[in-house]
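Since the structure comes first, as structure tokens, the remarks are kept for the end.
The values are calculated or read from the model by the stated rules, or taken from the named source; none is laboratory data. As the structure is a prediction and not an experimental result, all values here were calculated from the model. Counting neighbours? That spans all protein chains shown, and the Cβs are built from the backbone with ideal geometry, glycine included.
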Amino acid sequence: MRKKIVAGNWKMNTIVREGVALAAAVNTELKNIDLPENVKVIIAPPFTHIAFVEQVTDENKVTVAGQNCATEEEGAYTGEVAAKMLKGLGCSSVIIGHSERRTYYGETSEILVKKVYTALKNDLMPIFCCGEKLEERESNKHFEVVESQISEALFHLSKEDFSKIVIAYEPVWAIGTGVTASKEQAEEMHAFIRKTVSSHYGKETADNLTILYGGSVKPANAKEIFSMPNVDGGLIGGASLKADSFIDIVKAVL
């Protein structure tokens, strides 16, 4: 049975005090929910919050992720955060290749290959993001773009290492815009991703791959999107900054 995951990406929001209160509220609400074994809840706070958030969360209910990691293990890289630093703080996963990192900080597939490698080396589950821009969808290049993002950054991995990856499809035109891909659009791309993976790693690996949808997911549309057979949960942005809305989205995946 594939893992179902709801992951909250807080991005550059909240100060430590606010983040701790938010994490504690999510943790409290999750105590009242009987999560099936295959359902995982993850929160990705800013780096500054991780140690404090770890203290108020029960890892049996919610685990903590980094929003990014460096390409290198250690060294003279001022301002960077290494994968082993995240692991040392208690993180079990890390978001890699978010469209905001690609767009604002010029992250290429070559860079993401290194980040995936260092995450896996340090026993962190990469949540690998992919997705097309509006003009790429309008010019009917969305499948081509997503296929190249996945193949260039991930298909160097062994089958064993690839099985440790989670993919998050986030159409760039739907991130923070209030516009959401229809459930049919989400399902179409998720099915395509699974087919692409199957052609490289085989059907069993593809069938076991968890693929999340991200892009203006909120309580009002989560159930509908998560009902699609190839959608295994979501990477949630703005709606993860309020405990009640995030918990409602978690409930939608059950």
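Residue by residue, here is whether (1) of a type in the set (V, I, T); (2) in a helix (DSSP H, G or I); (3) farther than 30 Å from V20 by Cα; (4) free of Cβ contacts under 8 Å to residues at least 60 places away in the same chain holds:
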{"residue": "A181", "(1), (2), (3), (4)": "no, no, yes, yes"}
{"residue": "E187", "(1), (2), (3), (4)": "no, yes, yes, yes"}
{"residue": "K195", "(1), (2), (3), (4)": "no, yes, yes, yes"}
{"residue": "S198", "(1), (2), (3), (4)": "no, yes, yes, yes"}
{"residue": "D207", "(1), (2), (3), (4)": "no, yes, yes, no"}
{"residue": "A222", "(1), (2), (3), (4)": "no, yes, no, yes"}
{"residue": "M228", "(1), (2), (3), (4)": "no, no, yes, yes"}
{"residue": "G234", "(1), (2), (3), (4)": "no, no, no, no"}
{"residue": "F246", "(1), (2), (3), (4)": "no, yes, no, no"}
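For region 115-159, a residue qualifies if it is out of contact with any Ser or Thr (no Cβ under 9 Å at 6 or more places or on another chain), touching a residue at least 24 places away in the same chain (Cβ under 8 Å) and of a type in the set (V, I, T), and exactly one does: V116. Here region 135-174 is the region considered, the condition is being of a type in the set (G, A, S) and not in a helix (DSSP H, G or I), and the residue that is nearest to V217 (Cα to Cα) is A168. Each residue in region 1-13 was checked for being assigned to a strand (DSSP E or B), charged (D, E, K, R) and within 15 Å of A65 (Cβ to Cβ), and 0 pass.
Can we say G215 is within 21 Å of G97 (Cα to Cα), under 15 Å from the mean Cα position of the chain (by Cα), part of a loop (DSSP other than H, G, I, E, B) and in contact (Cβ under 8 Å) with a residue 60 or more places away in the chain? Against the criterion (within 21 Å of G97 (Cα to Cα), under 15 Å from the mean Cα position of the chain (by Cα), part of a loop (DSSP other than H, G, I, E, B) and in contact (Cβ under 8 Å) with a residue 60 or more places away in the chain), G215 qualifies. On the stretch given as region 115-126, residues that are assigned to a helix (DSSP H, G or I) and within 19 Å of V146 (Cα to Cα) total 2. Screening Q149 with (1) at pLDDT 95 or above; (2) touching a helix residue (DSSP H, G or I) at 6+ places or on another chain (Cβ under 6 Å); (3) not β-branched (V, I, T) gives one miss only, at (2). E138 passes every criterion in (1) at pLDDT below 95; (2) surrounded by 14 or more Cβ atoms within 10 Å (Cβ to Cβ) apart from (2).
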